[in-house]
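Undergrad: Just dropping this structure here.
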Protein chains: 2
Amino acid sequence: MNIGQVAKRSGVSAKTIRYYESIGLIPEASRTDSGYRRYGDKDVETLRFIHHSRNLGFSVKDVGLLLDLWRDQKRASGDVKALALSHIEQVDRKIEELKKMRDTLTHLTKRCHGDDRPDCPILKGLAGEMAEV
Amino acid sequence: MNIGQVAKRSGVSAKTIRYYESIGLIPEASRTDSGYRRYGDKDVETLRFIHHSRNLGFSVKDVGLLLDLWRDQKRASGDVKALALSHIEQVDRKIEELKKMRDTLTHLTKRCHGDDRPDCPILKGLAGEMAEV
DNA sequence: ATAAGGGTTCCACAAGCTGGAAGGTCAATG
DNA sequence: CATTGACCTTCCAGCTTGTGGAACCCTTAT
């Protein structure tokens, strides 16, 4: 398979596959005589794994760890779970942070009549002490 | 005031203030004879405005727009509100996305016993079709 | 005189790709 | 056989929002 095919099947773009190779996330692909990268079904599987992991918000670094664990048949599932739980915590923290932002923003916009008059509580809020917003 | 003072008062680091100047978010500061940047209370106010806006998740580009609106005494509050509402939408979309991630992750980890045995539903989930997870 | 604690510039790196230029390869068509 | 178009290759640049560090200058106090 050429890189385009494997890209289509895995959901990871050709450009990104080359990038992943360049940073060592996936091993260097073998080449044809003319220099094209060659891939097999196993590579599609690996890239799908990566794609799913990235979609769940794991960093590329963490995906590397997950890949190692995935390939190690003797690994302890506890190691995987620990990584996943720590990631969930991170995601939760991010959600909370965004919620706080949204609530403040919503609060400000509700007070803003939003017409063609210049008075704007949003700008006043941004300019003043945020505590009083 | 030197840059360190204004950094302390505004909550924006000296490094970042120089960066904001370099990208044109704030105008170039005047200098002392020896080349130090000089600031006044108005600059502290501006940097505070920027700091608050960034904390609420506005992009630097959007902060630029907000600053323009802030400085324009004749602007319509509707323009500000539109920007804020669109930003709230973005934040909400991000929250939903993260929630979906978290739910999937939680689902997977709940099924993983997480001990020293190698069987791990998390890895299986990442490897397989995510629909079946 | 010297040392501490400012300030200055400039370059590099972080994450995670994506776009584009310049060019080689492959299969099919006229 | 030549050409076309779709692939493939490498390499460089840029995106965003800063941060770290080196090398060096300025100010003030001891």
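The values are calculated or read from the model by the stated rules, or taken from the named source; none is laboratory data. A quick note: this is a predicted structure, and the numbers were derived from the prediction, not measured. Counting neighbours? That spans all protein chains shown, and the Cβs are built from the backbone with ideal geometry, glycine included. Accessible surface areas use protein heavy atoms only, side chains included; no ligands, DNA or RNA. Shrake-Rupley method; radii C 1.70, N 1.55, O 1.52, S 1.80 Å.
Undergrad: Taking 7 Å along the Cα-to-C-beta vector as the label spot, tell me the A:S59-B:D41 distance in nanometres, rounded to one decimal.
TA: With each label placed 7 Å out from Cα toward Cβ, I get 4.3 nm.
Undergrad: Another question, if that's okay. Explain nothing, just compute: Karplus ³J(HN,Hα) = 6.51 cos²θ - 1.76 cosθ + 1.60, θ = phi - 60°, for every residue of the stretch A:112-128 in order, whole Hz, x for Gly and Pro.
TA: 8, 5, x, 10, 9, 7, x, 5, 9, x, 5, 5, 4, x, 5, 7, x
Undergrad: Can you spot the aspartates and glutamates whose alpha carbon is less than 14 Å from A:K61's alpha carbon? Ignore those fewer than 8 places along the same chain.
TA: A:E21
Undergrad: Hey, quick one: spin label on B:K100, modelled 7 Å out along Cα-Cβ, who in the stretch A:56-97 has an amide N within reach, i.e. under 15 Å?
TA: A:56-58
Undergrad: Using helices alone, I'd like the mean residue ellipticity at 222 nm for chain A: each DSSP H run of four-plus residues gives -39500 (n - 2.57), total over residue count, nearest 500. Don't jump to the answer; show the numbers that get you there.
TA: Values: 6 runs with 86 residues, N = 133.
Here the helix-only value at 222 nm equals -21000 deg cm²/dmol.
Undergrad: So how far apart, in nm, are the two label points at A:E129 and B:R71 if each is 7 Å from Cα heading toward Cβ?
TA: Going from the A:E129 label point to the B:R71 one covers 2.7 nm.
Undergrad: Could you work out, residue by residue across A:110-123, how many beta carbons of other chains sit within 10 Å of that residue's beta carbon, and then give the average as an integer? Spell out each step's value before the answer.
TA: Working: counts 1, 1, 6, 3, 9, 4, 6, 5, 8, 2, 10, 3, 11, 12.
Per residue, the average neighbour count from other chains is 6.
Undergrad: Can you work out the base-10 log of I(q)/I(0) for the stretch A:17-94 at q = 0.14, 0.18 1/Å, using the Debye formula on its C-alpha atoms alone?
TA: For the stretch A:17-94 at q = 0.14, 0.18 Å⁻¹, log10 I(q)/I(0) is -0.53, -0.80.
Undergrad: Of all GluC sites (Glu not before Pro) in the stretch A:27-96, which ones are in loop regions per DSSP and have a Cβ with at most 15 other Cβ atoms within 10 Å? Could you put the intermediate results ahead of the total?
TA: Values: sites: A:E28, A:E45, A:E89, A:E96; in loops: A:E28.
Hits after loop and neighbour filter: A:E28.
Undergrad: Near the amide H of A:R38, under 5 Å away, which other amide H atoms are found, from residues 5 or more places off or on another chain, if H is placed in the peptide plane?
TA: Amide H to amide H, under 5 Å and 5 or more residues apart or across chains, A:R38 pairs with A:S30, A:R31, A:T32.
Undergrad: Here's another thing I want to ask about it. Using protein chains only and a probe of 1.4 angstrom, how many square angstrom of A:D72 are accessible, to the nearest 10?
TA: 60
Undergrad: Place the label 7 angstrom along Cα→C-beta at A:E129 and in each other copy, then list the distances from the first to the rest in nm, shortest first.
TA: So the label point of A:E129 gives 5.9 nm to the other copies.
Undergrad: How about the stretch A:20-76: which trypsin sites (Lys or Arg not before Pro) there are in a DSSP loop, with at most 15 other Cβ atoms within 10 Å of their Cβ? All intermediate terms of the calculation are to be shown ahead of the outcome.
TA: Working: sites: A:R31, A:R37, A:R38, A:K42, A:R48, A:R54, A:K61, A:R71, A:K74, A:R75; in loops: A:K74, A:R75.
Here the sparse-neighbourhood loop sites are A:K74.
Undergrad: In whole Å, how far is the Cα centre of the stretch A:23-99 from that of the stretch B:63-126?
TA: If we compute the Cα centre of each part, the gap is 21 Å.
Undergrad: Moving on to the next point. Of the candidates A:L56, A:L25, A:L105, which one comes out as most mobile in a Gaussian network treatment of chain A with C-alpha springs shorter than 10 Å?
TA: A:L105
Undergrad: Right, next: Can you list the distances in nanometres, one decimal and ascending, from the B:K110 label point to the identical position in each other copy, with the point 7 Å along Cα to Cβ?
TA: Here the equivalent label points are 3.2 nm apart from this one.
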